[in-house]
Amino acid sequence: MRRAPCSVVPASGGPRCYGSVGAAVAVLAAAAGMVLTAGSVLPPAAATASLRLAAREFVFAPKDAAAPPGEVTFVVKNEGAIEHNFVLEDRSKKKLAEIAVIEPGQVLEVRSTLQPGTYVIYCSLPGHRDAGMAGTLTVR
Amino acid sequence: MHDGELVNEQAYEEARRDEWIWRRARTLGLSRRRFLALLAAGAGAAVANVAPVGRLAQHRRAQAAPTDLLVKPTPAEYFYDFGSNKEMRWEVMATRGYLVPNELFFVRDHTRTPRLDAATWRLRVEGSGVAQEREFTYDEILGMPSVSVVRFVECAGNGRSFFETLYGKRAQGGQWHLGAIGVAEWTGVPLREVLMRAGLKRTARDVMPEGVDDLKVRRPMPIGKALADDTLLVYAMNGQTLPPDHGFPVRVLVPGWIGVANTKWVGRIQVAEEALYSAWNTDSYVLIGPDYKPTAQSKGPVLTNQYVKSAFELPWEGQVPAGRRLLRGRSWSGFGRIAKVEVSLDRGITWVPARQREPNIPQAWVRWDLDWDARPGPYSLRARATDDQGHTQPAGVPFNEQGYLYWAVVNHPITVR
């Protein structure tokens, strides 16, 4: 295998990479102080929330997620067999966050500060969105 | 012997008989044992000459089982593994002929290989550019006049890893070296045959084949390219039924164009009087970067032709024994045939012409070689080809985010021991 296990260099505000889900969960639990699942009770607005998503052929799970206003860390694991990515857009189709490539098995994260509203999550690789890799994020 | 005696079998036999009698007379006095020993010495010398360097252990077939993504076995000694994509190791071609055997041919799947039944497969031709929608069965396709052509199929991103080598910045997508290419003999029906049977209109403008894979991969081409003699609906590859990973039951061959245009598992062909677009020529398979401007429909200039590239038939970062050898490689161009190949053994300071070996088929490749007295040490081998349209491989190409068309000269690291 020549594929690098973690090809994205951690950068401020950019995607970060973990070797495994276990590592991701451990780091998140320590750093974020909380881990949200879709539709969970909202914490105070000032806190940083984390939202875990699984990408696979050809869905995001959960398909519809919720998060509190403020900074949200999206932790995306590619549980599929082929390459995927992650894009977050607002309703005017303005791109707010992106993880350009997530290799199979990789866990990457990206942060975005969000106002209340509805957002779209999708994989922008050709055909993936049409095949079902899209979901909504409700911030409230 | 005269030249004529060497090509005419009857003349050759007569000349050989005469020669034998003459030699027999000359050798009277030599023992039979001595005569046979002389023959054996000649045969032994011929056998001793067959000792290719760096040959892959051909009998060491891997035990790697096919994954669910692909159908054919893709052992590690033939391929680099990129999940659903498999890159051919160039050293495997050192002991092969002009064509890449099906079991060695690289695979680029946007998703997984669909398992299709030719009996239920259909090809539908429809759209504003044809008079009536038509559907064809596999047997109907097989029953049409067919042609065979030798052409390459190459991923648009072949060579992508060298963007990181050159710029220190990784482009998106599989980090191929130069093995996302293969040349095969493709047999099939000219695409125009089915377009004509559907009543192709004179006003037809774009033709878009679409796969029946999970993503329905599709990409348009202009009507002129669709009507070309060698744009085919392919059902056989190198004399065998088209393998599943290469598009069974039927794929499209669009010579010279980037790989994605050669739609695998085609099930539908849209023919339109207006321009057609898909995500594969607006979002992807376009050039995005500081040196490229978006167009009205696409995020950057749309890719069509492959450019010029060269590769050595050597392992990447491998080792070869010291001594005199033939240094071999292949060069190709999406625009035509290769006119010139030069090689540098000293990191680009001096260049020497390589000998080209027939055949040199347009939009396939040419094999070439040169004598190399390999002395121990590290090398960065370079090959630079020029095609008959005047395109010469440059020293570098501008960065693009999705890492397409890296056609610059590549530095191939090798160690001689």
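Derivation of every value follows stated rules applied to the coordinates shown; laboratory data play no part. Values in this document were obtained by computation on a predicted structure and should not be read as measured data. Because the Cβ atoms are built from the backbone with ideal geometry, glycine has one as well, and the counts that use them run over all protein chains shown.
Just list whichever of A:LYS93/B:LYS293; B:LYS169/B:LYS293; A:LYS77/B:LYS72; A:LYS63/B:LYS264; B:LYS293/B:LYS340 have alpha carbons separated by over 23 Å in the model shown.
A:LYS77/B:LYS72; A:LYS63/B:LYS264; B:LYS293/B:LYS340
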In which sequence would B:LYS72, A:LYS93 go, from the one with the fewest C-beta neighbours within 10 Å to the one with the most? A:LYS93, B:LYS72
Could you line up A:LEU96, B:LEU327 from fewest to most neighbouring Cβ atoms inside 10 Å? A:LEU96, B:LEU327
The FRET efficiency for B:ARG122 and B:ASN8, from their Cβ-Cβ distance with R0 = 51 Å and rounded to 0.05, is 0.45
Net lengthening on full extension, B:THR415/B:ILE349 (0.36 nm per residue, minus Cα-Cα): 21.9 nm
Out of B:GLN132, B:GLN270, B:GLN393, any idea which swings most in a Gaussian network model of chain B, alpha carbons joined below 10 Å? B:GLN132
For a footprinting-style exposure proxy, rank B:ARG330, B:ARG324, B:ARG355, B:ARG108 by other Cβ within 10 Å, fewest first. B:ARG324, B:ARG355, B:ARG108, B:ARG330
Share, in percent, of DSSP beta bridges within chain B that are antiparallel, nearest 5: 90
Give, in nm to one decimal, the length gained when the segment between A:ASP130 and A:ARG56 is fully stretched (0.36 nm per residue of separation minus the Cα-Cα distance). 25.3 nm
